[in-house]
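Before any comments, here is the structure.
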Amino acid sequence: MSTEARIGVLVVDDQALVRTGFRMILEIEPDLEVVGEAADGDEAVALAERLHPDVVLMDVRMPGTDGIAAARRIVGAGPSSRVVMLTTFDMDEYVFEALRAGASGFLIKDVQPELLVAGIRAVHGGESLLAPSVTKRMIESFLDRPPAVDPHARARLDTLTDRERETLLLVARGLSNAEIAAELFVSETTVKTHVGRILTKLGLRDRVQAVIVAYECGVVRPA
C-alpha cells in the first residue's frame, strides 16, 4: 500500500500495548505508515487482503490462528506483502516454521527502535532479516535431523551455474555478501547478482527461502 515511496506496515499482536508501541516508533518515520492493526491471525489475514500492506509485523504466538498460519495464508495469497515475525527470544521454537511458512525474517520484540525501522526497510527492499550468525544457529537447531531430499527440488538446482551453486552453498552456510565476495574473490555487486539469479531460477522470494531450500535439497547439511 505504498504511496509516494511510503512503506505500508500492518502491525499484528494480541497485546494492544505492543501494537501501540510499534505504531509510535514507526509513525515518526517519514517513509513509514502504519496502515492497520490486528489482534489475531484471522484479522491479520483479512486486513492484509484488504489493505495490501508492504510489510506485516506478525507476532508468532496469538490465540486462535497463530502467526505462522496467518503468515502462510498472507504469503500464499500473493507476493505483495512480506511478513516479519515478532518473537520473544531469538531462538524461539517457532522461528524456523515461520520462515518455512514464507516469513522474510524475524525480529525480537524488544528490538531497538532504529533496528526495527531499518529491518522493515530492508525487508521491503527484498532483503531478509537473518544475520549470518542467526542463520547458522537456526539451521543447526531446527535441521539437526536431515530431511528427506526432494528429487524435484534437486532438479531445480540443476538450472544453476557452477558459480551460482557455489554462491548458494555459501549463503546457506550463513556467510554475508561481503564474506562471500572475499571467499570467491569477486565484488559484492557480483555476489548480489548471483544471489538474484539464484532466487529467480529457483522461484524464491528471498535469501531466507534460499537457505531453507539448500538444506532441504541436501546441498548442505547441518553441522
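The values are calculated or read from the model by the stated rules, or taken from the named source; none is laboratory data. Since the structure is predicted, the reported quantities are computational estimates derived from the model, not experimental observations. Here the Cβ positions follow ideal geometry from the backbone for every residue, glycine too, while neighbour counts run over all protein chains shown.
Among the listed residues 174, 196, identify the single one that is surrounded by fewer than 18 Cβ atoms within 10 Å (Cβ to Cβ) and under 17 Å from the mean Cα position of the chain (by Cα).
Residue meeting the stated conditions: 196.
If you filter the stretch 38-65 down to residues that are surrounded by 18 or more Cβ atoms within 10 Å (Cβ to Cβ) and touching a Phe, Trp or Tyr at 6+ places or on another chain (Cβ under 8 Å), you find that the one that is farthest from residue 128 (Cα to Cα) is 60.
Looking at the structure I just gave you, is residue 115 among the aliphatic types (A, V, I, L, M), touching a residue at least 24 places away in the same chain (Cβ under 8 Å) and in contact with a strand residue (DSSP E or B) (Cβ under 9 Å, 6 or more places away or on another chain)?
no
Matching residues to (1) hydroxyl-bearing (Ser, Thr, Tyr); (2) in contact with a Gly (Cβ under 6 Å, 6 or more places away or on another chain):
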{"residue": "19", "(1), (2)": "no, no"}
{"residue": "40", "(1), (2)": "no, yes"}
{"residue": "44", "(1), (2)": "no, no"}
{"residue": "50", "(1), (2)": "no, no"}
{"residue": "53", "(1), (2)": "no, yes"}
{"residue": "83", "(1), (2)": "no, no"}
{"residue": "104", "(1), (2)": "yes, no"}
{"residue": "107", "(1), (2)": "no, yes"}
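When the helices (runs of 4 or more DSSP H) confined to the stretch 1-92 are screened for residues that are over 18 Å from residue 208 (Cβ atoms), those reaching at least 3 such residues are found at 16-26, 41-51. Applying the criterion of being assigned to a loop (DSSP other than H, G, I, E, B), at pLDDT below 80 and hydrophobic (A, V, I, L, M, F, W, C) to the residues of the stretch 93-143, the residue that is farthest from residue 22 (Cα to Cα) is 143.
Residue count for the stretch 2-29, restricted to those that are loosely packed, with under 13 Cβ neighbours inside 10 Å, touching a residue at least 12 places away in the same chain (Cβ under 8 Å) and closer than 18 Å to residue 118 by Cβ: 1.
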